[in-house]
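Worksheet: one structure, shown below.
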Ligand SMILES: Nc1ncnc2c1ncn2[C@@H]1O[C@H](COP(=O)(O)OP(=O)(O)OP(=O)(O)O)[C@@H](O)[C@H]1O
Ligand SMILES: [Mg+2]
């Protein structure tokens, strides 16, 4: 089971569940090991953890979902009172910047029906179900929390002694044309996962890359780095400036800057329905990574 793929496939649902007041960030490890744990149970656990995080951040905050390869050594296993075997684990860590938990609450959090939520809001089963599933799978779960700072819940799922996950949709760029000369591309997208995918392609093609999460930071990058040849930007961006506005402002700074817009279906109108200025092109989501590679080489050659 590929945990990265599972996490990424849940991203939309998690975002909708926690709502717009909470910034969700997903950090997937490269070369992540696989686990045989049941995918439905992991999805269920992730959703429960996201809901707990949301409840702990009524005034908003940051939710981080992170995967990693982890080795638990003998000393750590001993410190857990024999609750877990030393060895290799695939870890899923869900962190929030919410209210945090007191040591008392942490001690009881996995008990069935333990809840601090008002009657009708929590049954106190979320963490106890997660605990049951993880233990049954031969894994381990830990809570790290500080009052007023936030909480991390980390699930350790036993590694399956198979191949590493062929990572987040593997794009075979063997045939794709490679960069001719060192060029630098600025990637602006509010989704870290999308930026990561595009940066992977750029790196494989031999392009330099700079990234930003919204229009104003993208503009700042353009002002400080003279070397940027091409801007790849999502059209829908947070921060009060959409991709089209960013491109227009960027071209005032750098008139020969080439621009590639990435749009969802509904956003085509925002970039002019295909009638583009010279040096501006559009790609609609979703697209294949080798199509992106050809597009970039086409735009940057000459
Ligand atoms: N991320 C978190 N931040 C702060 N407290 C938490 C967090 N996650 C769990 N808790 C505490 O642990 C308790 C138990 O959590 P658990 O998920 O088992 O039950 P619940 O969320 O109260 O109810 P249910 O999950 O059944 O709707 C919560 O009531 C809360 O006090
Ligand atoms: Mg819960």
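The values are calculated or read from the model by the stated rules, or taken from the named source; none is laboratory data. None of these values were measured; they are calculated from a predicted model. Cβ placement follows ideal geometry from the backbone for every residue including glycine, while neighbour counts extend to all protein chains displayed.
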Could you tell me whether region 153-160 includes any residue that is more than 23 Å from residue 35 (Cβ to Cβ), touching a helix residue (DSSP H, G or I) at 6+ places or on another chain (Cβ under 9 Å) and surrounded by 20 or more Cβ atoms within 10 Å (Cβ to Cβ)? no
So, residue 143, is that one at pLDDT 95 or above, more than 10 Å from ligand 2 (Cβ to nearest atom) and in contact with a helix residue (DSSP H, G or I) (Cβ under 8 Å, 6 or more places away or on another chain) or not? yes
Pick from 100, 120, 124: which is more than 12 Å from ligand 2 (Cβ to nearest atom), farther than 22 Å from residue 22 by Cα and more than 22 Å from the chain's Cα centre (by Cα)? 120
Would you confirm, using the coordinates I've provided, whether residue 96 is within 12 Å of ligand 1 (Cβ to nearest atom) and more than 27 Å from residue 15 (Cβ to Cβ)? no
Sole miss for residue 119 among (1) closer than 23 Å to residue 43 by Cβ; (2) out of contact with any strand residue (DSSP E or B) (no Cβ under 9 Å at 6 or more places or on another chain) is condition (1)
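In region 275-302, which residue that is in a loop (DSSP other than H, G, I, E, B) and in contact with a strand residue (DSSP E or B) (Cβ under 7 Å, 6 or more places away or on another chain) is modelled with the highest pLDDT?
Start the filter on region 275-302 by keeping residues that are in a loop (DSSP other than H, G, I, E, B), which leaves 275-279, 285-288, 301-302.
Still in the list and also in contact with a strand residue (DSSP E or B) (Cβ under 7 Å, 6 or more places away or on another chain): 276, 279, 285.
Numbers: 276: 67, 279: 85, 285: 72.
Checked region 275-302; the qualifying residue modelled with the highest pLDDT is 279.
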Can you pull out every residue in region 37-55 that is within 10 Å of ligand 2 (Cβ to nearest atom) and either touching a strand residue (DSSP E or B) at 6+ places or on another chain (Cβ under 6 Å) or not assigned by TED's automatic domain parsing to the domain that holds residue 131 (or both)? 49, 53
Kindly indicate whether residue 131 is at pLDDT 90 or above, within 12 Å of ligand 1 (Cβ to nearest atom) and farther than 25 Å from residue 19 by Cβ. yes
Residue list for region 224-248, filter: in a helix (DSSP H, G or I) and within 24 Å of residue 297 (Cα to Cα): 243, 244, 246, 247, 248
